[in-house]
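Novice: Starting off with a structure, shown below.
The values are calculated or read from the model by the stated rules, or taken from the named source; none is laboratory data. The model shown is predicted, which means the values in this text are computed figures rather than measured ones. Quick reminder, even Gly has a Cβ in these numbers, built from the backbone with ideal geometry, and neighbours come from all protein chains shown. Quick note on the areas: whole protein, heavy atoms, side chains included, nothing else; ligands and nucleic acids left out. Shrake-Rupley method; radii C 1.70, N 1.55, O 1.52, S 1.80 Å.
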Amino acid sequence: MAAEVKGPASYFPSIERKYGRPIAEWKELIRTSPLTKHMELVNWLKSEHGLGHGHANALVAHTLAEDAGK
């Protein structure tokens with residue numbers, strides 16, 4: 001039995017379905033953006049790419065946490 005995905009990653013399947021881009025592509029956009037602050041990135045994804053707040057927040061939180069662990 002597969003472990004249940006929790007946290008920001010739990011949004012990933014619906015993000016891919018709704019916006020038609022793989023998560024890796026969204027993460028690359030976040031990583032190459034000149035913006036660095038969490039809410040700046042969230043607001044940028046919402047205004048420039050049409051994401052909803054929850055989806056943008058999940059992508060940014062997961063990407064920044066992943067990068068902090070490197």
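Novice: Output the peptides 29-42, 51-64 sorted from most to least packed, where packing is the average of other Cβ atoms within 10 Å over each peptide's residues.
Specialist: Taking the mean over residues of other Cβ atoms within 10 Å, the ranking is 51-64, 29-42.
Novice: Right, here's the next one. Measure nothing fancy, just the Cα-based angle from helix 23-32's long axis to the longest principal axis of the chain, in degrees from 0 to 90, nearest 10.
Specialist: Tilt relative to the chain: about 30 degrees.
Novice: Moving on to the next point. At 0.36 nm per residue, minus the direct Cα-Cα distance, what do Ala24 and Glu66 gain on full extension? Give it in nm, one decimal, please.
Specialist: Here the segment from Ala24 to Glu66 would lengthen by 13.9 nm.
Novice: Right, here's the next one. What aspartates and glutamates could a cross-link reach from Lys18, if we take a straight Cα to Cα line under 17 Å and drop same-chain neighbours fewer than 8 places away?
Specialist: Cross-link targets: Glu48.
Novice: Which percent of the accessible area of the chain is formed by carbon and sulfur heavy atoms (probe 1.4 angstrom)?
Specialist: Working: 2490 of 4490 Å².
Ligands and nucleic acids excluded, carbon and sulfur reach 56 percent.
Novice: May I ask you to give the solvent-accessible area per residue for the chain, in square angstrom, as obtained with a 1.4 angstrom probe?
Specialist: With all protein chains present, the chain gives 64 Å² per residue.
Novice: On to the next question. What Rg and what Dmax come out for region 1-51 when only alpha-carbon atoms are used, in angstroms?
Specialist: When restricted to Cα atoms, region 1-51 yields Rg and Dmax of 12.3, 41 Å.
Novice: Right, something else. State, to one decimal in nm, how far the label point of His38 lies from the label point of Lys6, with both points 7 Å from Cα in the Cβ direction.
Specialist: Once both label points are built, they end up 1.8 nm from each other.
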